[in-house]
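Note sheet for the following structure.
All of the numbers you see were taken from the coordinates with simple rules; none came from a lab. Computed from a predicted structure; not experimentally measured. A quick note on method: Cβ atoms are made from the backbone with ideal geometry, for glycine too, and the neighbour counts reach across all protein chains shown.
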Amino acid sequence: MAVPSDLIVSVSGIRGIVGAGLTAEVTARFAAAFGSTVAGQRVVVSRDGRPSGEMLRHAVLAGLLGAGCIVEDIGIAPTPTCGFAVRQMNAAGAIQITASHNPAPWNGLKMFGADGAVLPANTGAVIRGLYEAGAFARSAWDAIGSVSVPPDVAADHGRAVLDTISVATVAGQQFRVFLDANAGAGGPLGTQLLADLGCDTIQYACDPTGLFAHEPEPIPAHLGDVAPWVKQHECAVGFVLDPDSDRLALIDETGTCVSEEVTLALAVKYRLRQQPGAVVINMSTSRMSEDLAAAAGCPCFRSAVGEANVVGLMRATQAVIGGEGNGGVIDPRIGWVRDPFVGMAFILSLMAEDRKPLSQLVAELPQYAMLKTKFTVSRERLPEAMAALVARWPDARINRDDGLRLDGGDWWLHVRGSNTEPVVRVIAEAPTAERAEELCRQAGTVVTG
């Protein structure tokens with residue numbers, strides 16, 4: 001069976017519009033393919049709050065039970081809690097039913113290995129091959145799997161986060177915090193975590209109904225109506241989660257939306273204060289974290305884009321923290337998944353220890369401007385376009401681990417070809433917005449020339 005053309009298949013799972021590319025049949029087949037790689041073993045299943053998740057849950061259970069899997073159904077739970085549960089229960093893997101930050105009509109499956117990390121590309125390719133071939137493990141009538149509901153693993157996840165900081169230091173400040181969970185899976189855990197930290201929490205859309213209060217991707221462009229409430233309620237900070245709660249966006253005490261790149265930078269600053277060590281970020285993440293690592297005398301490594309790639313390099317370098325510039329923080333003490341609850345705890349700790357408002361902490365970070373653009377370029381022309389970019393900036397440091405990255409003295413360009421359309425994505429970062437715009441324009445001229 002071929003993969004439907006309107007179904008997106010990535011290294012960690014599948015995603016599509018429910019009722020179109022993503023159906024119960026497709027979902028059951030992918031779950032059966034995953035189940036075939038862990039046949040008869042324990043598998044964690046969870047979902048975000050999207051209403052379509054209940055239908056897809058039944059399809060996932062059918063696929064896994066047919067492979068004889070012992071399913072631990074933890075219900076509606078954040079993606080990092082799902083990864084945490086895998087390690088907590090010594091499971092062979094997990095399936096999280098989520099479309100992350102995609103709009104409401106979308107849903108998908110995100111798959112985890114026994115280490116609680118999203119599947120690497122090679123394992124994902126095996127599962128896709130099983131799906132396409134229909135080569136599933138099929139249990140006899142007396143070997144069908146089972147489903148049970150374990151104790152509340154979210155509470156254990158929250159305690160693990162609290163164990164990484166001084167709760168008393170944060171609680172002593174009695175912060176008032178605005179939490180926007182946007183009806184996603186992270187509302188209950190986020191609310192409880194903030195209560196445990198002694199915060200007075202103003203809750204917005206914290207019930208996990210999946211009926212989004214605004215566009216689901218937590219970027220400044222989608223938070224214009226929400227941001228003023230932080231100042232109106234006299235909150236010290238606003239935290240915004242995406243639907244499956246693996247990203248954290250920030251709003252400062254003035255009601256200003258902060259770049260999603262800042263979340264990781266502040267977390268890196270705090271973590272290196274706790275324990276110096278290696279930092280891992282991806283090729284498209286701001287240089288802020290790199291500069292902070294250098295200031296702390298610590299190495300910073302860059303991986304290819306993608307959570308699985310970041311995690312792989314974190315393991316190889318024994319990093320103490322890593323993540324991506326989309327608001328994703330990974331602390332290996334908790335798990336191998338982007339975890340906004342870690343980010344919340346670290347940022348509140350930084351505010352409490354330094355006795356500074358969030359706006360001041362942000363202003364004290366290294367200052368850069370980033371611009372993301374794309375240009376139409378045929379796949380056949382990509383090698384020529386990349387060579388032309390190298391010739392245009394001959395003095396730049398070159399990295400080809402993920403497309404082409406060029407590093408200048410105080411700027412960088414990252415150029416990647418799309419796997420699904422004839423475009424190249426160009427990201428530039430420089431000390432000023434004008435310089436970043438100029439770099440993107442010049443790169444666009446080169447690759448389309």
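For E438, what charge total do you get from the other residues with a beta carbon under 14 Å from its beta carbon, if Lys and Arg give +1 and Asp and Glu give -1?
-1
Provide the FRET efficiency to the nearest 0.05 for the E132-A296 pair, computing r from the beta carbons and using R0 = 41 Å.
Efficiency for this residue pair is about 0.30.
Could you calculate the contour length gain from R159 to R425, that is, 0.36 nm times the residue separation minus the distance between their Cα atoms, to one decimal place in nm?
Going from the current span to full extension adds 91.8 nm.
Assuming R0 = 30 Å, what is the FRET efficiency of S148 and A20, from their Cβ-Cβ distance, to the nearest 0.05? Please report the intermediate quantities before stating the final value.
Values: r = 33 Å, r/R0 = 1.10.
Taking R0 as 30 Å, the efficiency between S148 and A20 is 0.35.
Over the Cα atoms of the stretch 156-256, what radius of gyration and what Dmax do you get, in Å?
13.0, 36
Could you tell me which of rounded, prolate or oblate describes the chain, using a ≥ b ≥ c as the square roots of the eigenvalues of the alpha-carbon gyration tensor, with rounded for a/c under 1.5 and, failing that, prolate when a/b is larger than b/c and oblate otherwise?
Oblate is the answer for the chain, as a/c is 1.5 or above yet b/c matches or exceeds a/b.
Provide the FRET efficiency to the nearest 0.05 for the E215-Q367 pair, computing r from the beta carbons and using R0 = 30 Å.
E(calc), rounded to 0.05, equals 0.65.
To the nearest 20 debye, what charge dipole does the chain have about its Cα centre, counting +1 at the Cβ of each Lys and Arg and -1 at the Cβ of each Asp and Glu?
Computed charge dipole of the chain: roughly 920 debye.
Specify which residue in the list G129, Q442, T79 is farthest towards the positive end of the charge dipole of the chain, using unit charges on the beta carbon of Lys, Arg (+1) and Asp, Glu (-1), about the Cα centre.
G129
Per 0.36 nm of contour for each residue apart, how much would the distance between K374 and R441 grow if the chain were fully extended, relative to their Cα-Cα spacing?
On the way: separation 67, 0.36 × 67 = 24.12 nm, distance 1.02 nm.
Working it through step by step, the gained length comes to 23.1 nm.
Loop by DSSP (not H, G, I, E, B), at most 10 other beta-carbon atoms within 10 Å: where is the longest site-free stretch of the chain for trypsin sites (Lys or Arg not before Pro)?
It works out to 1-354.
Please report, in debye to the nearest 20, how large the charge dipole of the stretch 285-386 is about its Cα centre when each Lys and Arg carries +1 at its beta carbon and each Asp and Glu carries -1 there.
Working: 11 positive and 11 negative charges, 46 e Å.
Roughly 220 debye, rounded to the nearest 20.
Of A267, M288, G277, which is farthest on the positive side of the dipole of the stretch 218-296, counting Cα position, with +1 on Lys and Arg Cβ, -1 on Asp and Glu Cβ, and the Cα centre as origin?
G277
Let me spell out the model: positive unit charges on the Cβ of Lys and Arg, negative unit charges on the Cβ of Asp and Glu, origin at the Cα centre of the stretch 7-151. What dipole size does that give, in debye rounded to 20?
Working: 10 positive and 8 negative charges, 36 e Å.
Dipole of the stretch 7-151, to the nearest 20 debye: 180 debye.
Return L439, L109, L365 ranked ascending by Cβ neighbour count within 10 Å, so the fewest neighbours appear first.
Exposure proxy ranking, most exposed first: L365, L439, L109.
Express in % the proportion of alpha carbon pairs of the stretch 369-448 at distances exceeding 21 Å.
17 percent
Quick one: which of K231/K372; K231/K374; K110/K231 span more than 31 angstrom between C-alpha atoms?
The pairs that break the limit, which is 31 Å between Cα atoms, are K231/K374; K110/K231.
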